Amino acid sequence: MARNDERRRLLADAAIEVLAREGARGLTHRAVDRAADVPQGTSSNYFASRADLIAGLVDRIGERLGPTPDDLAERAGEPPSRALFADYLRDIVRRLTGERDVTLALFELRLESTRRPEVAAVLREWQRTAFAADVGFNTAAGLPGGAREIAAFHYAIDGLVLDRLTTPIDPDTSTDEVIDALVAGLLPAPAASG
């Protein structure tokens, strides 16, 4: 069977929709076929097993949540600073909250990984690769903070995004204010020139 990347993306997007709407238990090939409005059995032609479907989902989530070249180019010429770091974080949160179903599907997979080692293995590899890329980008861009700070920001951003997509603790505080507070609290203060 010839590989049809467009159909594969359509099916992965339908699976994301199912996962976000119904949770991990609702994620079946039949449900994906219905959501994609394709004949029954189509998704199993592209993803032979549930494990293959989940691996395809993780790849598609990464594609949909990743920064575009325009996102990166917009800030590329700016000098490294805490403010620039905060702008990158704002962009990450914008993408995560703007792609609500994709982010909810990712949270669902993370929860499912606590029950299913095969899901944990796929997510663990994806997260480690993405984390290493984040640290590498931060270092190459000359931005403040190292691996420890980047990990702390991952923990904080995950909590912030979960809060904003569900029931906010403090809906009157803007997301930008929260990000500014995170940057001020988690990044080391710039060294005083003397």
| Looking at (1) under 24 Å from Thr68 (Cα atoms); (2) modelled with pLDDT under 95, which is the only condition Arg116 fails? | (1)
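I'd like to verify a number: residues in the range 35-81 that are surrounded by fewer than 17 Cβ atoms within 10 Å (Cβ to Cβ) and in contact with a Gly (Cβ under 9 Å, 6 or more places away or on another chain), how many?
We begin by selecting, within the range 35-81, every residue surrounded by fewer than 17 Cβ atoms within 10 Å (Cβ to Cβ); these are 37, 39-41, 45, 48-52, 59, 62-63, 65-81.
Checking the rest, the ones that are also in contact with a Gly (Cβ under 9 Å, 6 or more places away or on another chain) come to 79-80.
Number satisfying all stated conditions: 2.
For the condition within 15 Å of Phe107 (Cβ to Cβ) and out of contact with any Leu (no Cβ under 6 Å at 6 or more places or on another chain), what is the one hit in Glu74, Glu63, Glu22?
Details: Glu74 fails: within 15 Å of Phe107 (Cβ to Cβ); Glu63 fails: within 15 Å of Phe107 (Cβ to Cβ).
Step by step, each of Glu74, Glu63, Glu22 is checked, and only Glu22 is within 15 Å of Phe107 (Cβ to Cβ) and out of contact with any Leu (no Cβ under 6 Å at 6 or more places or on another chain).
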| query | Among the listed residues Pro168, Pro144, which satisfies the condition of being surrounded by 16 or more Cβ atoms within 10 Å (Cβ to Cβ), part of a loop (DSSP other than H, G, I, E, B) and either touching a Phe, Trp or Tyr at 6+ places or on another chain (Cβ under 7 Å) or of a type outside the set (Gly, Ala, Ser) (or both)? | reply | Pro144
| message | Any residue in the range 77-105 that is touching a residue at least 12 places away in the same chain (Cβ under 8 Å) sitting within a Cβ distance under 6 Å of a residue that is charged (D, E, K, R) and part of a loop (DSSP other than H, G, I, E, B)? List the pairs, counting only those 6 or more apart or interchain. | response | Leu84/Glu78
| field | Residue within the range 102-110 that is loosely packed, with under 14 Cβ neighbours inside 10 Å and either among the charged types (D, E, K, R) or under 23 Å from Gly26 (Cβ atoms) (or both) present | value | no
| request: Kindly check whether there is at least one residue in the range 151-164 that is surrounded by fewer than 14 Cβ atoms within 10 Å (Cβ to Cβ) and either among the aromatic types (Phe, Trp, Tyr) or at pLDDT 95 or above (or both). | output: yes
| For the subset of the range 131-141 comprising residues that are surrounded by 14 or more Cβ atoms within 10 Å (Cβ to Cβ) and not acidic (Asp, Glu), which member is nearest to Leu57 (Cα to Cα)? | Phe131
| remark: Scanning the range 171-194 for residues that are of a type in the set (S, T, N, Q) and either assigned to a helix (DSSP H, G or I) or in the same structural domain as Leu96 (by TED's automatic domain parsing) (or both) gives Thr173, Ser174, Thr175
| query | So which of Glu108, Glu149 ends up being over 17 Å from the mean Cα position of the chain (by Cα) and either closer than 15 Å to Val58 by Cα or of a type in the set (Asp, Glu) (or both)? | reply | Glu149
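The values are calculated or read from the model by the stated rules, or taken from the named source; none is laboratory data. In this text, all values refer to a predicted model and were calculated from it rather than measured experimentally. Here the Cβ is made from the backbone with ideal geometry for all residues, glycine too, and neighbour counts use every protein chain on show.
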